[in-house]
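Heads up: the structure comes next, in structure tokens.
The values are calculated or read from the model by the stated rules, or taken from the named source; none is laboratory data. Note that the structure is predicted; figures quoted are calculated from it, not measured. Backbone-built Cβ (ideal geometry, glycine too); neighbour counts: all protein chains shown.
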Amino acid sequence: MKKFPGKTLAGKVVSVHSGNNQDLSKEARESLSAEIGGFAGDKHQGFIRKAWEGEWEPADTLRRNERQWSGVSVEELAFISEHLALSEPLAPETLGANLCVEGIPEFSLLPKGSKLVFPSGAVLLVEECNPPCVEMGAQIVTKHSTHSGEPLTPAVWVQLAAGRRGVIGVVDVPGTIKPGDEVEVRVYQQPAIAML
């Protein structure tokens, strides 16, 4: 992947969040306990979830939970905030992110299979990018305004956040994650396979 020519990247945890709110927002925490199955007490913790409308499976089908956690980067939040011309920057907890990191500007482009490794030994595995949805856009519209006073629309959020909404994944190795932690990102590399 040209965006990540090296095999490892270094970043830092800025903040961690969890919660079980109806609007998908989270609260800032002093630390998170990553368990096999997700972050303790978080809305997205668990091994299974119900499929949503629009997925390959019919809505409400029980399926593997590939989104036990979600993460965003400071750099991508700043880009979205600037291009939406928001009077206040987007906060990771508003977007329902469990983890906010800095130092990895193109965080959302991490390929499936990449690993985030923390000092405690915790390892988070990336499953896929987190696509922006209209429902989250509706939440942002109610909580934010623009510098100019021009109204925001969920559609504009979806357009600008596409490819910059962060990533989702599962807990690979349990441990504790806290603000200030260094994070080593082991970028997944497609193995070279010799065809006979």
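Annotations
- Of residues in the stretch 147-173 being at pLDDT 85 or above and among the charged types (D, E, K, R), the one farthest from the chain's Cα centre (by Cα): Asp172
- Matching entry among Leu90, Leu110 (being touching a His at 6+ places or on another chain (Cβ under 8 Å), touching a residue at least 40 places away in the same chain (Cβ under 8 Å), surrounded by 20 or more Cβ atoms within 10 Å (Cβ to Cβ) and aliphatic (A, V, I, L, M)): Leu90
- Filter result (of a type outside the set (Ser, Thr, Tyr) and under 17 Å from Phe118 (Cβ atoms)) within the stretch 59-73: Gln68, Trp69, Gly71, Val72
- Scanning the stretch 23-79 for residues that are under 16 Å from Gly96 (Cα atoms) and either of a type in the set (Val, Ile, Thr) or assigned to a strand (DSSP E or B) (or both) gives Glu27, Ala28, Arg29, Leu32, Gly38, Phe39, Trp69, Ser70, Gly71, Val72, Ser73, Val74.
- For the stretch 126-146, filtering for residues that are assigned to a helix (DSSP H, G or I) and under 15 Å from the mean Cα position of the chain (by Cα) leaves 1.
- In the stretch 27-40, the residues that are farther than 13 Å from Val14 by Cα form Cβ pairs under 6 Å with partners that are modelled with pLDDT under 95 and among the hydrophobic types (A, V, I, L, M, F, W, C), at six or more places apart or across chains, as follows: Ser33/Ala40; Gly37/Phe47.
- Some residue of the stretch 90-100 being in contact with a strand residue (DSSP E or B) (Cβ under 8 Å, 6 or more places away or on another chain), within 24 Å of Arg29 (Cβ to Cβ) and assigned to a strand (DSSP E or B): yes
- Within the stretch 76-110, the set of residues being at pLDDT 90 or above and under 19 Å from Arg186 (Cα atoms) comprises Leu99, Cys100, Val101, Glu102, Gly103, Ile104, Glu106, Phe107, Ser108, Leu109, Leu110.
- In the set (1) within 27 Å of Gln190 (Cα to Cα); (2) in a loop (DSSP other than H, G, I, E, B), the condition left unmet by Ala10 is number (2).
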